[in-house]
Amino acid sequence: MDRVLQIKEEIKQLETQLDQLKLELTAIQKNCEHTFKSNHYVQECTKCHMIESLNW
């Protein structure tokens with residue numbers, strides 16, 4: 001049973017870390033001066049790897 005509680009706590013910590021990383025990634029992509037590489041469907045920034053769909 002201790003292992004279950006340990007796993008649940010680790011999941012909680014990792015979810016918090018993931019939320020922080022998502023915020024950091026969003027900030028980086030928002031402030032990037034994008035240089036896009038495109039194909040028929042998407043364009044991807046070569047600097048921050050933000051992807052935009054070209055099919056609206």
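Which residue pairs have Cβ atoms closer than 9 Å, lie 6 or more positions apart in sequence or on different chains, and pair a first residue in the range 16-30 that is within 15 Å of K47 (Cα to Cα) and touching a residue at least 40 places away in the same chain (Cβ under 8 Å) with a second residue that is β-branched (V, I, T) and surrounded by fewer than 10 Cβ atoms within 10 Å (Cβ to Cβ)? From residues that are within 15 Å of K47 (Cα to Cα) and touching a residue at least 40 places away in the same chain (Cβ under 8 Å), there are no pairs.
Summed over the range 9-56, residues that are among the aliphatic types (A, V, I, L, M), assigned to a helix (DSSP H, G or I) and surrounded by 12 or more Cβ atoms within 10 Å (Cβ to Cβ) total 2.
Each value in this text was obtained by applying a stated rule to the coordinates, not by laboratory testing. The structure displayed is predicted, hence computed values, not measured ones. FYI the Cβ positions are ideal-geometry reconstructions off the backbone, even for glycines, and counts take in every protein chain you see.
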